[in-house]
Amino acid sequence: MTHRSGLPADLTRASADQLSRALAAREISAAEVTQAHLDRMTGVDERVHAFLHRDDEGALATARAVDDERTRGVDLPALAGVPVAVKDIACTRGMPTTAGSAILRGWLPPYDATIVSRLRAARMPLLGKTNMDEFAMGSSTEHSAYGPTHNPWDLTRIPGGSGGGSAAAVASFQAPLAIGSDTGGSIRQPAAVTGTVGAKPTYGGVSRYGVIALASSLDQIGPCARTVLDAALLHEVVGGHDPMDSTSIDAPVPPVVEAARRGQVRGLRIGVVRELGGQGYQPGVSQRFEEALALLQGEGAQIQEVTCPHFEYALATYYLILPSEASSNLARYDAMRYGLRVTPDGPEAPDDPSNEQVMAATRDAGFGTEVKRRIILGTYALSSGYYDAYYGQAQKVRTLIAQDFTAAFDQVDVLVSPVTPTTAFTIGAKIDDPLAMYLSDIATIPVNLAGLPALSVPAGLAPEDGLPVGFQVIAPAMADDRMYAVGAALERLLTDRWGGPLLDQAPPLIDRAGKLGN
């Protein structure tokens, strides 16, 4: 059953591109589309917990204004009226922003992050803020102070992290588009385990102004979507130079939408990274990756293996650089300026506590276990006598990893690998084993260390458990269009094989006890 010009009867099943075209043709209204997604949120988010805050009133007000402007013949942006969700790491004026932490519970920013300003300028209704690991520290969205998000494919499984809320919102059809942030894989890894598309743009390609910092030299904002084209459309909206961000690249957004629409790989040289596969990878993950490679080769791409020898040190390098930068960035949460403020309590608490005592009590109450772990690690790595041995050495190895990428791109046009070693694991399975959790990002971390763009595309379902597998495409800096071209070509080949999108292959919102509903 369809709804007008080829749209699904349920508008939440339509892609952002489909909605955009139908809205422009005035076949549907923005208010109708927005209300459909708000109704969907009401029906399923109690079980998925993708959202920390929803803004029904604000989203509908924007949608109605778009409808009014369209009626009056106002020239509107392409995605005007298409709803979007935003990871709770980006400041939103008048809407709570917590970064998934109790220390910012109820905080209302007085300004919008640049990406939020651009979404508003594009006239996109903001549905709300999505759940995340506290301060983006985690690979499962179990480290949120507000409870975990559940994978719509299997509610007993994690949706990836730290941006599991954004990926789960898209996978469960609560939002056609969402914004995520990627410090070591936090857009791509959730996309892989939820069967969605996630893109990490070139570092500096999307503004970080107004985005709560985790590790400033690694963080990058990017799109979450259900199709490669939808991701490119959102990338084009939020990307581009921002003078408010000193790391922003003063260059136009690469032609990502054109590349996604074209989706051609004939003659393209694709390098398979030897170090990002093999031992330790779930057999079904490797199988789906090899099948995807064969499809690309059949389409005329040239496949060859490349080696990046310093990638074996990427995980250790990342977990020295990230905690060090996090320790510095999180020092601002001192109970003096904003956020939570806790006075020492108990029989030995002083009657007139000092600033330091209030700060200690606040940080103890406001930060979760993983945040405390990384602050302690980072403070140690930056301490006198250890800086050169740890942080300094890690930065040197980071340079070697970047040089490995440069050498690889002298041989090929893009690099590819699985996104994660396994499919989604069970909630609670790794919460007490930080190292096992960190290994979830082993294939995505090198990209952030080098500041390159990368894309996760659904590659099918692992035969062992029927859960989604992701295929990663990595491009040189500011060649983001290449990853969209490869991703779109693979998406077309796979959907032709499947007879439709991956999310249609098995109904979301299933757990192993049985179907809970679509």
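Under a Cβ-Cβ cut-off of 11 Å, what is the net charge of the residues other than residue 480 that fall near it, where Lys and Arg count +1 and Asp and Glu count -1? Intermediate values should be presented prior to the final figure.
Details: positive: 200, 482; negative: 236, 481.
Cβ neighbours under 11 Å give a net charge of 0.
Take the alpha carbon gyration tensor of the stretch 355-426, find the square roots of its eigenvalues, order them as a ≥ b ≥ c, and report rounded if a/c is under 1.5; if not, report prolate when a/b exceeds b/c, else oblate.
On the way: a/c = 4.08, a/b = 1.67, b/c = 2.45.
It is oblate, given that a/c is not under 1.5 and a/b is not larger than b/c.
First check a/c for the stretch 220-331, with a ≥ b ≥ c the square roots of the eigenvalues of its C-alpha gyration tensor; if it is under 1.5, answer rounded, and if not, answer prolate when a/b is larger than b/c or oblate otherwise. Before the final figure, lay out the partial values.
On the way: a/c = 2.18, a/b = 1.16, b/c = 1.88.
Oblate.
What is the fewest-to-most order of 242, 230, 364 by other Cβ atoms lying within 10 Å of their Cβ?
Values: 242 23, 230 26, 364 11.
Fewest to most other Cβ atoms nearby, the residues stand as 364, 242, 230.
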Legend entry - Within straight-line cross-link reach of residue 87, lysines at Cα separation under 16 Å, skipping those fewer than 8 residues along the same chain: 129, 200
Legend entry - 19 Å reach of a label modelled at residue 505, 7 Å along Cα-to-Cβ, counting backbone N of the stretch 285-302: 285-299
Inset, instruction - Could you go through the stretch 54-69 in sequence order and give the Karplus-derived ³J(HN,Hα) for each residue, using 6.51 cos²θ - 1.76 cosθ + 1.60 with θ = phi - 60°, rounded to whole Hz, and x for Gly and Pro? - result: 10, 10, 4, 4, x, 5, 5, 5, 5, 4, 5, 5, 4, 4, 5, 5
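Counting only DSSP beta bridges with both residues in the chain, tell me the antiparallel percent, nearest 5. Walk me through the numbers on the way to the answer.
Working: 33 of 47 bridges.
DSSP beta bridges in the chain are roughly 70 percent antiparallel.
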Legend entry - Cα lying deepest toward the dipole's positive end in the chain, options 220, 416, 362, charges on Cβ: 416
Inset, instruction - For the stretch 156-164, take each phi angle, set θ = phi - 60°, evaluate the Karplus expression 6.51 cos²θ - 1.76 cosθ + 1.60, and give the result in whole Hz per residue in order, putting x for glycine and proline. - result: 8, 10, 6, x, x, x, 7, x, x
Legend entry - Cα gyration tensor of the chain - equivalent ellipsoid semi-axes, whole Å, descending: 33, 29, 22
Inset, instruction - List the aspartates and glutamates whose Cα lies under 12 Å from the Cα of residue 372, skipping any in the same chain that are fewer than 8 positions away. - result: 134, 364
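Evaluate the charge dipole of the chain about its Cα centre and quote only its size in Debye, nearest 20, assuming +1 on the Cβ of each Lys and Arg and -1 on the Cβ of each Asp and Glu. Before the final figure, lay out each step's value.
Values: 43 positive and 58 negative charges, 170 e Å.
Using only the charged Cβ atoms, the result is roughly 820 debye.
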Inset, instruction - Going by C-beta contacts inside 10 Å, put 437, 359 in order with the fewest on the left. - result: 359, 437
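If the viscosity is 1.567 mPa s and the temperature 4 °C, what translational diffusion coefficient in µm²/s does Stokes-Einstein give for the stretch 74-134 when Rh comes from Kirkwood over Cα pairs? Walk me through the intermediate numbers first.
On the way: Rh = 12.1 Å.
D, rounded to a whole number, is 107 µm²/s.
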Legend entry - Local electrostatic count at residue 455 - Lys and Arg +1, Asp and Glu -1, tallied over other residues with Cβ under 12 Å: -1
Inset, instruction - Evaluate E = 1/(1 + (r/R0)^6) for residue 217 and residue 294, where r is the Cβ-Cβ distance and R0 equals 35 Å; express this FRET efficiency to the nearest 0.05. - result: 0.40
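Could you please report the charge total around residue 376, scoring K, R as +1 and D, E as -1 over all other residues with beta-carbon less than 13 angstrom from its beta-carbon? Could the numbers behind the result be given before it?
Numbers: positive: 363, 372, 373, 374; negative: 364, 370.
My count for the surroundings of residue 376 gives +2.
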Legend entry - Positive-end extreme of charge dipole, the chain - chosen from 382, 160, 346 (charges on Cβ): 160
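For the stretch 145-195, count the residues as N, evaluate 2.2 N^0.38 Å, and divide the Cα radius of gyration by that value, please.
Values: Rg = 9.8 Å, N = 51, 2.2 N^0.38 = 9.8 Å.
Rounded to two decimals, the normalised Rg is 1.00.
Hey, any idea what the orientation-averaged projected area of the convex hull of the stretch 284-439's Cα atoms comes to, in nm²?
Working: hull surface 56.4 nm².
Over every viewing direction, the Cα hull of the stretch 284-439 projects on average to 14.1 nm².
Sorting 200, 396, 129 on the 10 Å Cβ count, fewest up front, what's the list? List each step's numbers first, then the result.
Numbers: 200 34, 396 10, 129 27.
Least to most surrounded, the residues fall as 396, 129, 200.
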Inset, instruction - Can you pull the one-decimal nm distance between simple spin-label points at residue 266 and residue 435, each 7 Å off the Cα toward Cβ? - result: 5.1
Legend entry - Under the Karplus curve 6.51 cos²θ - 1.76 cosθ + 1.60, θ = phi - 60°, whole-Hz ³J(HN,Hα) for the stretch 465-481, x wherever Gly or Pro sits: 9, x, 9, x, 10, x, 10, 9, 10, 10, 10, x, 4, 6, 10, 4, 4
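Just to confirm the filter: which trypsin sites (Lys or Arg not before Pro) across the stretch 263-329 are DSSP coil and have at most 12 other Cβ within 10 angstrom of their Cβ?
Working: sites: 266, 269, 274, 288; in loops: 266, 274.
Passing sites in the stretch 263-329 are 266.
Computed from the coordinates by the stated procedures, all read-outs in this text should not be read as laboratory data. As the structure is a prediction and not an experimental result, all values here were calculated from the model. Because the Cβ atoms are built from the backbone with ideal geometry, glycine has one as well, and the counts that use them run over all protein chains shown.
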